[in-house]
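The values are calculated or read from the model by the stated rules, or taken from the named source; none is laboratory data. Only a predicted model underlies this, so the values are computations on that prediction, with no experimental measurement involved. Positions of Cβ are backbone-derived with ideal geometry, glycine not excepted, and every protein chain shown enters the neighbour counts.
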Amino acid sequence: MTMKIRSIMIIVAAMALISVTISCSIPADWLQNPAATETPTSSDQPAPISSEPSAIPTVSGEALMVDGDLTNLYQHVNPGVVTIWRYDTIGSTHEESFPTGQGSGFVIDLEGYIITNQHVIDGADEIEVDFPSGLKVWAELVGTDPDSDLAVLKVNVPENELVPLPLGDSDKVRVGDFVVAIGNPFGLSGTMTVGIISAIGRTLNSENPAPGGGRFAAGDIIQTDAAINPGNSGGPLINMHGEVIGVNRAIRSESFTVRGDIANSGVGFAIPINIIRQVVPKIIENGSYDYPYLGIVSLSGDLWNLKTIEALGLPSDAIGAYITGIALGGPAEEAGIRSGSQSTSIGIFAGGDLIIAIDDQPVRRFSELLSYIINHTQVDQVVILTILRDGEELDIPLTIGARP
């Protein structure tokens, strides 16, 4: 479950296990308590058709071939990482805004554009950016994208204050790669932690509510065990060449501190940089970004087991994205995609289409379908969905829409 740290909700599972995915911005009142900083505590599209990531036009800088020299890497990268403060007007009697939360961000060009998470600055009356040099300035909010949880800020500062970070290619990220996270956990600015890529292609709930309830999915997420804590949100995840490969967003944990705060358990999540390459130029140009949209609801991967497969009347080796719901008037409904409608003993309706490929690319699970849609399609593009329906494979053309 994705949630803002300003309002933590706890879901208790049937086995009395607690699993939380939490956005890692930090409320200002945590910083007013010395214990919060002295004792570490914490808590769970048009895209280009080409597989090559599109460049953010104004990004400058070359990859830093540091070859695992973490000291050198830090010295080159940290000057481009900033602290983000959000200010809110508290109560009807107050005319002044006050700092209410903190996160991280990083510089992407010499024009003053800065990337952070949307949830770090969502609803803020004013936004402050603090540079490692000690310079503090007010920032303009250029635009946001709730689907990827990204925000673009702009500051007016001398060029010598701007240290753009080079962007990598998240398509080249592999499980086991060493990475570092730099940010401001618990207000401790300039903190670097080290870990590896634990997994790729994860999904999280986005910040964008879906019309029928719940939230749209955010896909192609990078998982890392580099320590990410409240205050790290919006900061860079960096490879050993000093390139940004992701934007730190959230952690998942079943651990709590003695103060009741959710504690880091080595399961952190970052938005892949190739999504940033697609989204940020559109935010700078238009203030927003249209995500590709199918208009389907798919069965969660953790429910795809033999009991489910047998109840749905599918072959035991069946894999793919099983359709449990269709958005009215959406692209999938217009293309003739079907959701399940036949009652079963397990509460999941049988008879739905199983998407097994898109544009001849195999789909083993919903996360792979989502990753393809985000990275390789754009609004109004026609794709071919290969589905399994009543034991027969069918190819169905579908025109990609824009998420509501």
Could you tell me whether any residue of the stretch 89-111 is closer than 16 Å to Gly246 by Cα, out of contact with any Pro (no Cβ under 6 Å at 6 or more places or on another chain) and among the aromatic types (Phe, Trp, Tyr)?
-> no
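Matching residues to (1) in contact with a strand residue (DSSP E or B) (Cβ under 8 Å, 6 or more places away or on another chain); (2) more than 30 Å from Val163 (Cβ to Cβ); (3) outside the structural domain of Leu369 (by TED's automatic domain parsing); (4) surrounded by fewer than 22 Cβ atoms within 10 Å (Cβ to Cβ):
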residue: Ile196; (1), (2), (3), (4): yes, no, yes, yes
residue: Gly213; (1), (2), (3), (4): no, yes, yes, yes
residue: Asp225; (1), (2), (3), (4): yes, no, yes, yes
residue: Gly234; (1), (2), (3), (4): yes, no, yes, no
Please indicate, with yes or no, whether at least one residue in the stretch 325-335 is in a helix (DSSP H, G or I) and among the β-branched types (Val, Ile, Thr).
-> no
Residues of the stretch 120-154 satisfying the condition of being in contact with a helix residue (DSSP H, G or I) (Cβ under 7 Å, 6 or more places away or on another chain) and outside any strand (DSSP E or B) | Phe131, Pro132, Ser133, Leu135, Pro146, Ser148, Asp149
Boolean, Gly201 is surrounded by fewer than 18 Cβ atoms within 10 Å (Cβ to Cβ), in contact with an Asp or Glu (Cβ under 9 Å, 6 or more places away or on another chain) and more than 18 Å from Leu73 (Cα to Cα) | yes
Subset of the stretch 78-131 (residues that are in contact with a Gly (Cβ under 7 Å, 6 or more places away or on another chain), farther than 16 Å from Glu159 by Cα and β-branched (Val, Ile, Thr)) | Ile84, Ile115, Thr116, Val120
Somewhere in the stretch 215-224, is a residue out of contact with any Phe, Trp or Tyr (no Cβ under 7 Å at 6 or more places or on another chain), of a type outside the set (A, V, I, L, M, F, W, C), at positive phi and part of a strand (DSSP E or B)?
-> yes
